[in-house]
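The values are calculated or read from the model by the stated rules, or taken from the named source; none is laboratory data. Because the structure is predicted, anything quoted here is derived from the model rather than measured. Ideal geometry is used to build each Cβ from the backbone, glycine not excepted, and the neighbour counts take in all protein chains shown.
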Amino acid sequence: MARTANPKTRESLMEAAFGLVRRQGLAATSVDQICAAAGVSKGAFFHHFRSKDELAAAAAYHWSAVTEPFFEAAPYHAPDDPLDRVLGYIDLRRDMMAGEIAEFTCVAGTMVQEAWATSPAVRAAAWDSMRRHADALVADIEAAKASRGVELDARSLALHMVAVVQGAFILAKASGDAAAGADSAAHLRRYVELLFTGTKGAIDA
């Protein structure tokens, strides 16, 4: 009789991969390390995933499922003014770039930097994660355009915002300083303010 896969084991493996990949990258993370962190056997790993790359791709999709509810419930959605909502999103991303770098960086972004040329599955999963995140910003950007009479491509701006955040993570990693990432997000806020109003408000650096 075939054993039934335990979905909790699969989820535990992906959650373990989150922490390890954020701390040390995908290439340096082994199946043995993932199994140890998840508290499961190597046999259990291969019951759910054929390879580390398959787990990495699944983890990128799971990353979206885990993080989307957080952003959907975030307080930046509360203001009536759609521009305030767009700026509030940027403020949230800036404020999140504090403390340990491994705790605020993106699993999907980290993996695709290493595996974009070698793993089509990881690349596709990371793009899905980033695309979905950008798409969630489009409605507020469109509403801000309408309220301010500004002409721009809302989805292109949303993707640019995601790109700046991902780049901020890279700056933080390269410099070893979370503040370098937060500063980049602060510049993004000023840029968006200028796009919609022609002025920039004060912001705490």
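Somewhere in segment 153-166, is a residue over 29 Å from residue 114 (Cα atoms) and either assigned to a loop (DSSP other than H, G, I, E, B) or among the charged types (D, E, K, R) (or both)?
yes
Of the residues that make up segment 63-80, is at least one surrounded by 15 or more Cβ atoms within 10 Å (Cβ to Cβ), farther than 30 Å from residue 142 by Cβ and either touching a residue at least 40 places away in the same chain (Cβ under 8 Å) or of a type in the set (Ser, Thr, Tyr) (or both)?
No: zero hits.
From 161, 97, 111, which residue is in contact (Cβ under 8 Å) with a residue 24 or more places away in the chain and more than 21 Å from residue 23 (Cβ to Cβ)?
Values: 97 fails: more than 21 Å from residue 23 (Cβ to Cβ); 111 fails: more than 21 Å from residue 23 (Cβ to Cβ).
Checking each option against the conditions leaves just 161.
Among the residues in segment 132-140, are any surrounded by 15 or more Cβ atoms within 10 Å (Cβ to Cβ), of a type in the set (A, V, I, L, M, F, W, C) and farther than 25 Å from residue 56 by Cβ?
For segment 132-140, residues surrounded by 15 or more Cβ atoms within 10 Å (Cβ to Cβ), of a type in the set (A, V, I, L, M, F, W, C) and farther than 25 Å from residue 56 by Cβ: present.
What are the residues in segment 32-91 that are among the acidic types (Asp, Glu) and either touching a helix residue (DSSP H, G or I) at 6+ places or on another chain (Cβ under 6 Å) or under 21 Å from residue 21 (Cα atoms) (or both), if any?
32, 53, 54, 68 - these are the residues of segment 32-91 that are among the acidic types (Asp, Glu) and either touching a helix residue (DSSP H, G or I) at 6+ places or on another chain (Cβ under 6 Å) or under 21 Å from residue 21 (Cα atoms) (or both).
With respect to the numbered conditions (1) free of Cβ contacts under 8 Å to residues at least 12 places away in the same chain; (2) assigned to a helix (DSSP H, G or I); (3) over 22 Å from residue 189 (Cβ atoms); (4) not charged (D, E, K, R), which one is the sole condition not fulfilled by residue 20?
(1)
Mind listing whichever residues of segment 118-137 are of a type in the set (A, V, I, L, M, F, W, C), out of contact with any helix residue (DSSP H, G or I) (no Cβ under 6 Å at 6 or more places or on another chain) and either at pLDDT below 95 or under 26 Å from residue 192 (Cα atoms) (or both)?
The answer is 127, 136.
Does residue 99 satisfy the criteria of being closer than 20 Å to residue 69 by Cα and either part of a helix (DSSP H, G or I) or out of contact with any strand residue (DSSP E or B) (no Cβ under 8 Å at 6 or more places or on another chain) (or both)? Show your work before the answer.
Numbers: closer than 20 Å to residue 69 by Cα: no; either part of a helix (DSSP H, G or I) or out of contact with any strand residue (DSSP E or B) (no Cβ under 8 Å at 6 or more places or on another chain) (or both): yes.
Judged against the criteria, residue 99 is not a match.
Give segment 157-178 a look and list any residue that's closer than 12 Å to residue 133 by Cβ, crowded, with 18+ Cβ neighbours inside 10 Å and small (Gly, Ala, Ser), or say none.
Result: 158, single match.
Within segment 26-57, work out how many residues are in contact (Cβ under 8 Å) with a residue 60 or more places away in the chain and buried (at least 20 other Cβ atoms within 10 Å of the Cβ).
Total meeting the criteria: 3.
Sort through 147, 129 and tell me the only one that's part of a helix (DSSP H, G or I), within 13 Å of the chain's Cα centre (by Cα) and either surrounded by fewer than 22 Cβ atoms within 10 Å (Cβ to Cβ) or touching a residue at least 24 places away in the same chain (Cβ under 8 Å) (or both).
Being part of a helix (DSSP H, G or I), within 13 Å of the chain's Cα centre (by Cα) and either surrounded by fewer than 22 Cβ atoms within 10 Å (Cβ to Cβ) or touching a residue at least 24 places away in the same chain (Cβ under 8 Å) (or both) holds for just one of 147, 129, which is 129.
Considering every residue within segment 3-13, establish whether at least one is exposed (fewer than 14 other Cβ atoms within 10 Å of the Cβ), part of a helix (DSSP H, G or I) and not acidic (Asp, Glu).
Among the residues of segment 3-13, at least one is exposed (fewer than 14 other Cβ atoms within 10 Å of the Cβ), part of a helix (DSSP H, G or I) and not acidic (Asp, Glu), which makes the answer yes.
Just to be sure, is residue 189 within 18 Å of residue 26 (Cβ to Cβ) and either at pLDDT below 95 or in a helix (DSSP H, G or I) (or both)?
No.
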